[in-house]
Amino acid sequence: MKLFSSSTSTNLAKKISHLLNLSLSSVDTHVFPDGERRVRISENVLGNHAFLVASTNSPVDENYMELFFLIDGLKRSGAEFVTAIIPYLGYQRQDHVFREGEAVSIQVIIKILEALGIDRFISIDMHTPRIADLFSLPVTHLSALPLFAEEIRVILEGGPQERPIGSPKIEEGSIAPSGRSRMTNSILVSPDMGGIARIKKLAELLGGMPYVALEKNRDLETGSLSGDAVREGRIDGEKIAFIVDDMISSGKTIDLAAKALKRIGIEKIYVYATHGVFSDTAPQLLQESPVELVCVTDTVAIAKEKHFEKLEIISVGDIIAKEIQQLATSK
Ligand code: R5P
């Protein structure tokens, strides 16, 4: 097997390559003065299973073009099997017609990927599991929720500052006795009803933690958000909230939810989201929002200038590496 990466996902791909003890295969990418790009697979892939890691975050269209060209290069070079690993799948929120006349953008992307001849598609925490059904080829939908459960357990056990670097993590599925009292004081929060399945899954991973889902309405014309009432579940004197979402783009969803939770007496708020898209002024908004921590994964490479004090980045490299290993051995 061979492992490839698009230019935007090199750091994540390097982590995966290290975990798999497999070198990252090289690609020549050239951008012409007019902005057109040319990619070239510069090693022999004939008869190989090629795994290509390529998130399609901003600049989304450029990253998609690079991905399409890489797939075409791999196919033309004779790769027997191409698995497209798109940890963050751009356009995934446009998964149906919201208003008459709109394109279903993610469906267009899927048609192109299939026409290019990928054999399998892997992604992480897609906006809705329904996206998997739009493919007619095998899809693996991975999740960062187990990572978040582990991080939340650490806080329930006394906070990250109390875990010395390198100390063993708490066993999966277990909460030490001291954490139980904090657990009764804590609640999982989905900032909107769209995240209800996600929050239920996380509640299960954490041994039946209580959860609520908040109300959120988005104006389809302007994108502005409103709504903060609890739509599902109940907040009953809890003081610590863990907000969980699939992605953070403008940061407004998180900020709205955090402020609503503060108003009803939550004292400490921790945020977990798989994809740190961080558009526009999101880093500043999140830094100033009444939250203690914003934890995202490395599905999107976050430029240094977008880092902020409350940000923590954890890696999905291990989850992807394990999946690759399993697919490579099951073939
Ligand atoms: C929406 O349904 C998603 O799950 C996220 O809540 C949303 O995309 C976050 O966007 P923003 O950070 O711009 O509010």
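Reported to the nearest whole Å, the Cα centre-to-centre distance from the stretch 1-35 to the stretch 117-158 is 22.
Too long at a 27 Å Cα-Cα cut-off: which of 259/310; 200/322; 14/304; 111/201; 15/111; 14/306? Violating the 27 Å limit, Cα to Cα: 111/201; 15/111. Once the 1.4 Å probe is applied to the protein heavy atoms, the stretch 1-131 comes out at 47 Å² accessible per residue.
Each peptide in 266-275, 99-108 receives the mean, over its residues, of other Cβ atoms within 10 Å, and ordering these scores from highest gives 266-275, 99-108.
FRET efficiency for the pair residue 330 and residue 98, taken as 1/(1 + (r/R0)^6) with r the Cβ-Cβ distance and R0 = 45 Å, rounds to 0.70.
The packing ranking of peptides 43-54, 109-120, highest mean first, is 43-54, 109-120, where packing means the average number of other beta carbon atoms within 10 angstrom of each residue. Of the solvent-accessible surface of the chain, computed with a 1.4 Å probe and all protein chains present, 50% belongs to carbon and sulfur. Distance between the 7 Å Cα→Cβ label points at residue 134 and residue 80: 3.2 nm.
Considering only beta bridges that DSSP places wholly inside the stretch 1-112, some 35 percent are antiparallel. Only Lys, Arg, Asp and Glu carry charge here, each on its Cβ (+1 for the first two, -1 for the last two); on that basis the chain has a dipole of about 500 debye about its Cα centre. Kirkwood-type hydrodynamic radius, the stretch 180-331: 16.3 Å, calculated from all non-identical alpha-carbon pairs.
Among 233, 270, 319, whose Cα projects farthest towards the positive end of the dipole of the stretch 226-321, with charges put on the beta-carbon of Lys, Arg (+1) and Asp, Glu (-1)? Going by the charge dipole, the pick is 233. For the chain, the spherically averaged projection of the C-alpha convex hull amounts to 18.1 nm².
The values are calculated or read from the model by the stated rules, or taken from the named source; none is laboratory data. What you are looking at is a predicted structure, and each value in this text was computed from that prediction instead of being measured. Backbone-built Cβ (ideal geometry, glycine too); neighbour counts: all protein chains shown. The area values use the complete protein model at the heavy-atom level, side chains included, leaving out ligands, DNA and RNA. Shrake-Rupley method; radii C 1.70, N 1.55, O 1.52, S 1.80 Å.
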